[in-house]
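Since every read-out is calculated from the coordinates, none of them should be taken as a lab result. Everything numeric here is computed off the predicted structure, so don't read it as measured data. Every residue, glycine among them, receives a Cβ derived from its backbone with ideal geometry; neighbour counts consider all protein chains shown.
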Amino acid sequence: MSVQSCFHCGLTIIKNEEIYFDEKIFCCNGCKTVYEIFSLHDLTCYYDFEKSPGASPQDIQGKYDFLDNEAILSKILEFQEGNTAIVSLNIPHIHCSSCIWILENLNKIQSGISTSQVNFPEKKFRITFNSETVSLKEIVYTLSSIGYEPYISLENYETGKNNVDRSLTYKLGVAFFCFGNIMLLSFPEYFEIKEFWLDNYKPFFRALIFVLALPSLLYSASDYYVSAYKSLKSRMLNIDIPIALGIIVMFVRSTFDVIMNYGSGFFDSLTGLIFFMLLGKMFQIKTYSFLSFERDFKSYFPIAVTRINLDTSEENVPIYDVIKGNRLLIRNQELIPVDGILMSDKAEIDYSFVTGEAVPTTKKSGDKIFAGGKQIGKVIEMEVLHSVSQSYLTQLWSNEIFQKKVFQKHKTITDAISRYFTPILLLIALAGFGYWIFFDANTAFNVFTAVLIVACPCALALTAPFTFGNILRIMGKQKMYLKNALVIEQLAKVDTIVFDKTGTITTNIKSNILYEGMALSDENIVLIKNVLRASNHPLSRMLYDFLPETQKIKTAKFEEITGKGIQAFIENKNIQIGSGVFVEAPVLEVSQIEKTTLHIKIENNYYGRFIFENQYRDGLEKLFFALSKKYQIKVLSGDNDGERTNLETILPKNTELIFNQKPEQKLEFIKKLQESGKNVMMVGDGLNDAGALAQSNVGISVSENVNVFSPACDAILDASEFSRLDYFLKLSHKSILIIKMSFVLSLLYNIVGLSFAITGNLLPLVAAIIMPLSTVTIVSFVTVMSNYFAFRNLKSL
Amino acid sequence: MSVIYLLISVSIFVAICFFIAFIVAVKSGQYDDDYTPSVRMLFDDETKITSQNKNQSTEEKQV
């Protein structure tokens, strides 16, 4: 029988657990329910657009109770007046056309919604609803019940209208308007036919062209003047100086020509140049609007918590209103928002995101618990010690070193070239002027300006934007999302790579479990599995999932001793599972102690232990081997060094392994490397790496789900593509090569143009041909080359 | 030939009209999401078909 997959969500169905409904197969009740909802409302078209597009709904009982709180509600709503309310929700599951269709037809499922609109690239869902007939909470529940649970975090608390910067689009529009009209008007003059009527209207045409050139010159090109001025002020010669110089000289010379009636001027080339350069700028800016590279703890924290009042009533309060002495209720999988003291008798807290420890820690009543951990298991109560802004994690975040967005002046490759380009250009112009001044002052002036005009490094300036823009898109398609084009240059400069361990080179999902000791009989495995079923300890859960399915037997006496283990009687056998001390296991060698283990003792006979090993990502060995040839590799971990021997066998010999690193130490480590002259790339995943990611030259965050959370970084890499890191680095090197190649090409154009200019033969028509021609050649050259390299390397992998 | 003044000013005027239309479109956020509308325009029919089917079936029942 072939493998069956769920009609709704597409997951493989576990044998004998499938649910048949309406001649379709589902993997769980949740998926079936969603299908029922859809078929009830005549919305089964959902399944026609895309095959199994859904997600099974999660249990969210009580999770969104805070939406009843008026104060919180008013912060989340975008607009509210009378009955009409508008809200924008972030829904990570939006991924296909079916999603758009079902969400935009939400009013068929939930009454009270007037319109709903999906913004697919941003994964945002905007709903206009009648706040009298339906509450936001009901809408959120409806969404969750059909598998589209919104992601609401503290970030939503300050929904200020963030203004989109559209100035580049306006500038491009103005530039194109001017360019197009001027081209049209200057067409008659290109033929230069001595015709009576044309000559008669020449002043009119030229005046009109002059007026049309002004908006382009003054508004569209304004960024270049500002940038050139700034770079002059900081005594760095960047590419914008010759550009600004070229534009201004071109305008002055053209105006002069027109007024003195020498010719038609270069207004057509001028506006064309501005338009093409802005187009390049536009192309380079590829934003992944559904990702955020500047996230801080806010998008990780919940917006509200459940507070227990003195009269034991529960209330949802905004997180900023929590003060010292409050009592909070934390449910399973909920985040601990503030530092506090545990009041319930025990808790299992997963700190992997904050500290990098792989295994959840057990806390007892009275223990201090820190913000950022996730509660796993039962509901717990805690008393608040510090408010949100004073908690350890937020303090860490607002710490200056963590904040400091390392403001190194990246010298881009274009700027490096223009350092030589600008002085040489000026020299040539002056030399031409100096030569011609002996013959004719007028020609000398013409030559001087012509050199500056024709050498205006339009093509040079376009090379990098188009190459990087294209590479950015190619990488984005392969799930490596870069913050901006500069990151590619930084990637190419990297010589040292530092990896975080937990969550980066290991997966969060599964652990590898090994057994050591006396062989366990099948009956004993059945007994162990049944004992484990009753336990909520994360290790027990992991081992339970690992052991094969068995029949269920009732456990007689079951006792869970916090921090030690489980003691149970089953089929009259005394079974102890737990730590080495608990079962009085034989003393082990030191190297074994650090490992995470569960020991088994049956009827007072010590059997052996299960060892939990971290599961490394697929292709890790190959990747490290490939990287170690070109880069220095280091592994930093917040975890203990129990995995050292294991890692040493997998990773290349020269890899440096450092364990027990706190977030601050990681940052310091990167800083030291940089001080010794290294260009460091940090690959991490959690909040514990945030400082190191910010400090490093390139910070890449590896994420299992790119939509949900990743710390501030330069690039986000989808975890499934982790093993291809090598390919992305190679591609960045290739893109620098492409840029160098096209620099040569554009310099060749400049030499041709200059030979016209220096001999005093630069006609407006020649300029109008050379400039667009060079632009088109360069753009097509870099596009073809970068696609070629991306494709060829892809094949060789 | 002085009609050329009129013709050119008309052409510039038309161009300016289009330019203003473009600015208005950008300002209203039309270019912010360039993907969803392309998918959305294919949908409308689907809902109509299903609702028509429903209407038909109820009518048939009534008959």
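Ratio of alpha-carbon Rg to the 2.2 N^0.38 Å globular estimate for the range A:600-752, to two decimals, please. Display every interim value, and only then the final one.
Numbers: Rg = 20.5 Å, N = 153, 2.2 N^0.38 = 14.9 Å.
The reported ratio for this selection is 1.38.
With 10 angstrom as the radius, rank A:Ser774, A:Ser389, A:Ser131, A:Ser39 by how many other C-beta atoms surround their C-beta, starting from the fewest. Don't skip to the answer; put the middle values down first.
Values: A:Ser774 23, A:Ser389 10, A:Ser131 18, A:Ser39 15.
The most exposed by this proxy come first: A:Ser389, A:Ser39, A:Ser131, A:Ser774.
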>> Just want the answer: with Cβ charges of +1 for Lys and Arg and -1 for Asp and Glu, which residue in A:Ser114, A:Ala485, A:Trp101 is farthest toward the dipole's positive end in chain A?
In response: A:Ala485
>> If Rh is defined by the Kirkwood formula over all Cα pairs and Rg also comes from Cα, what ratio Rg/Rh do you get for the range A:515-572?
In response: 0.94
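Per residue of A:116-126, count partner chain C-beta atoms within 10 Å of its C-beta, then hand back the mean as an integer. Write out the running numbers ahead of the final one.
Details: counts 0, 4, 5, 5, 8, 5, 4, 0, 2, 0, 0.
Mean shielding count: 3.
Can you list the equivalent-ellipsoid semi-axes of the protein assembly as shown, largest first and in whole Å, using the square root of 5 times each Cα gyration tensor eigenvalue? It would help to have the intermediate numbers written out before the result.
Numbers: eigenvalues 756, 255, 120 Å².
Working through the eigenvalues yields semi-axes of 61, 36, 24 Å.
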> So how strong a dipole does the protein assembly as shown carry about its Cα centre when Lys and Arg Cβ are +1 and Asp and Glu Cβ are -1, to the nearest 20 debye?
Replying inline: 2380 debye
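When the helix-only estimate is applied to chain A (DSSP H runs of n ≥ 4, each -39,500 (n - 2.57), divided by the residue count), what is the mean residue ellipticity at 222 nm, nearest 500 deg cm²/dmol?
Numbers: 26 runs with 344 residues, N = 797.
Using -39500 (n - 2.57) per qualifying helix, the result is -13500 deg cm²/dmol.
Can you put A:Ser535, A:Ser264, B:Ser2 in order, fewest other beta carbons within 10 Å first?
Working: A:Ser535 20, A:Ser264 24, B:Ser2 7.
Ranking A:Ser535, A:Ser264, B:Ser2 by Cβ neighbours within 10 Å, fewest first, gives B:Ser2, A:Ser535, A:Ser264.
Starting from the coordinates of the alpha-carbon atoms of the range A:164-283, obtain the Kirkwood hydrodynamic radius over all distinct pairs and give the value in Å to one decimal.
About 15.2 Å for the range A:164-283.
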>> Given bins 5 angstrom wide, list per bin the percent of all Cα-Cα distances in the range A:1-56, short to long.
In response: 4, 21, 32, 27, 10, 4, 1
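For B:Cys17 and A:Ile437, what does the FRET efficiency come to when R0 = 45 Å and r is the distance between their Cβ atoms, rounded to the nearest 0.05? Each step should come with its number before you reach the end.
On the way: r = 50 Å, r/R0 = 1.10.
E between B:Cys17 and A:Ile437, to the nearest 0.05, is 0.35.
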> Of A:Trp436, A:Trp101, A:Trp197, how do they rank once you tally other Cβ atoms within 10 Å and put the fewest first?
Replying inline: A:Trp197, A:Trp436, A:Trp101
>> Please list, short to long, the whole-number percent of alpha-carbon pairs of the range A:622-665 in consecutive 10 angstrom bins beginning at zero.
In response: 27, 51, 22, 0
> With axes computed from alpha carbons, what is the tilt in degrees of helix A:764-796 against the longest principal axis of chain A, rounded to the nearest 10 within 0 to 90?
Replying inline: 30 degrees
> Taking the Cα atoms only, what angle lies between the long axis of helix A:167-191 and the longest principal axis of chain A, rounded to 10 degrees?
Replying inline: 30 degrees
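Over 16 Å apart: what share of the alpha carbon pairs of the range A:618-696 falls there, rounded to a whole percent?
Numbers: 1641 of 3081 pairs.
Pairs farther apart than 16 Å: 53 percent.
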>> Compute the helix-to-body angle for A:663-675: its Cα long axis versus the longest principal axis of chain A, expressed 0 to 90° and rounded to tens.
In response: 40 degrees
>> Beyond a 32 Å Cα-Cα separation, which of these cross-linked pairs lie in this structure: A:Lys477/A:Lys740; A:Lys230/A:Lys630; A:Lys374/A:Lys630; A:Lys24/A:Lys75; A:Lys123/A:Lys529; A:Lys63/B:Lys27?
In response: A:Lys230/A:Lys630; A:Lys374/A:Lys630; A:Lys24/A:Lys75; A:Lys123/A:Lys529; A:Lys63/B:Lys27
>> Along each principal axis of its Cα atoms, how long is the range A:65-157 end to end? Whole angstroms, biggest number first, please.
In response: 34, 28, 21
> What does the average come to when, for each residue of peptide B:30-39, you count the partner chain Cβ atoms lying within 10 Å of its Cβ?
Replying inline: 5
> From the square roots a ≥ b ≥ c of the eigenvalues of the alpha-carbon gyration tensor of the range A:660-748, which class results: rounded (a/c under 1.5), prolate (a/b over b/c), or oblate?
Replying inline: oblate
